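What follows is a short report on a single structure.
FYI, it's all coordinate maths here, none of it is from the lab. These numbers come from a predicted model, not from an experiment. Every residue, glycine as well, gets a Cβ built from its backbone with ideal geometry; the counts of neighbours run over all protein chains shown.
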Amino acid sequence: MLTQAAAVRYLLGRGLISSRVIVEGDLVVSDASSRHQNFKVISDAGPCYLLKQGFGPQKAADVAREGLVYEALSAQPGTRSYLCEFDGYDPREQVLILELIPDAVDLRAYHLRRRRPSVRVAAAVGEALGSLHSIPVTRSGRAFLPEWPAGILSLHRPDLTIFRDASAASLELIKIVQNTPGFGEHLDDLCRSWRPETVVHNDIKWDNVIVVPSTVAAGRPRLKLVDWESAGRGDPRWDIGSALAHYLSFWVFSIPVTGAAPPHGFAALARRPLTSMQPAIRACWQAYVSRLGLDEATADMRLRDAVRFSAARLVQTAFEAAQVSTELTSGMTLHLQLSINMLQRPREAAVHLLGLRQPADLG
């Protein structure tokens, strides 16, 4: 595995930085490891890089696969602009080398600085996903093997490994899903309807979208989709549904549920009101539909399905939060309540939650 000092020697050896940058510049190497070992190499005098290595054989294989994805998508004109520049994958050292944009932030951090989500950025997300989902599966290459349905769709049917990896809060969440009438049946229905018909990112969330703030202010948002190790041939409704779901999560997690407020009054206390999410949701969806060139009937059908997959993504968001929590919080349980409501009434959810249809369009 690379070290901070070895990272500089490694880039020198590959000719990606010069000794002049080290001597005359202000080269900084910082450890940004999480699930993988990551080093950020930043310099005002030269290019900046992210070096990524996997911890252990499985994580190393994931990073190698991500390298294949970058190689394949970099050859697609429609998606190249939404990728960090790919500087190669080194199979010997098992290192993925990517462009690093120093002043970029992930979409979660960007939105936390603002009173409401950016409509321009939301539209750019929709256009990026539309571009990705325009790639014919026949041209996707060996980097994109067929993917099984998203694992969260079988959360209510866990195998024994769940007891090895899940937290107590996660197990409590699973029990709620299992004991809520109809919840499991709805997830089963989504699983059966899974159609691996396009290339998908498979892990769309605000942490995996980075944006350069200065470009938004200039009116031309520049954003990149990152962490492609889960990409494959999958169901595009899962990707766009995940994108829409995170606006709802932003709203739900801002609701301060307390014993002093009656349940019907919770939404009114949100620090991030639902009405402030809806313009961005509309912009994201409309840009997505426009990029794919969907006619009205096809767009309506895709929307109904996207709402249902958004509901499933809410369950996943709650589960991921429960994995790092000592107890099941009110925000997590509100995610589950919102999810089952959306699964039961997707058309109404499109109108009243997402703000994407008028009541007269319900039919």
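Quick notes on this structure:
- Choice from L336, L112, L96 showing the highest fluctuation, given a GNM over the chain with Cα pairs closer than 10 Å: L112
- Computed over the chain, the per-residue total of -39500 (n - 2.57) for DSSP H runs of n ≥ 4 gives a 222 nm mean residue ellipticity of -15000 deg cm²/dmol, rounded to 500.
- Hull-based mean projected area of region 1-48, where the convex hull spans the alpha carbons, in square nanometres: 3.2 nm²
- Label-point separation in nm, D207 to E93, each point 7 Å along Cα→Cβ: 2.7 nm
- Residue by residue, region 125-137 carries 3J(HN,Hα) couplings of 4, x, 5, 4, 5, x, 5, 4, 6, 7, 6, x, 4 Hz when phi is fed to the Karplus relation 6.51 cos²θ - 1.76 cosθ + 1.60 (θ = phi - 60°); x denotes Gly or Pro.
- Charge sum, other residues only, whose C-beta stays under 14 Å from L98's C-beta, Lys/Arg counted +1 and Asp/Glu -1: -3
- A cut-off under 11 angstrom between Cβ atoms defines the neighbours of A122, and their net charge, with Lys, Arg +1 and Asp, Glu -1, is +2.
- Taking the Cα centre of the chain as reference, the dipole from Cβ charges on Lys and Arg (+1) and Asp and Glu (-1) amounts to some 640 debye.
- Measuring r between the beta carbons of V351 and A109 and using R0 = 35 Å, the FRET efficiency lands at 0.70.
- Rg to Rh quotient for the chain, alpha carbon positions, Kirkwood Rh: 0.98
- Helix axis angle, 183-192 relative to the chain longest principal axis, alpha carbon, degrees: 50 degrees
- Interchain or long-range residues, amide H under 5 Å from G88's placed H: I97
- Charge tally around S43: other residues with Cβ under 14 Å, Lys/Arg +1 each, Asp/Glu -1 each, net -3.
- Inter-label distance, R9 to R195: 5.4 nm, where each label sits 7 Å from its Cα along the C-beta direction.
- Axis angle, to the nearest 10 degrees, between helix 4-13 and the longest C-alpha principal axis of the chain: 60 degrees.
- Residue-wise HN-Hα couplings along region 53-66, as the Karplus relation 6.51 cos²θ - 1.76 cosθ + 1.60 with θ = phi - 60° gives them from phi, are 10, x, 7, x, x, 5, 5, 5, 5, 4, 5, 4, 5, 4 Hz; Gly and Pro carry x.
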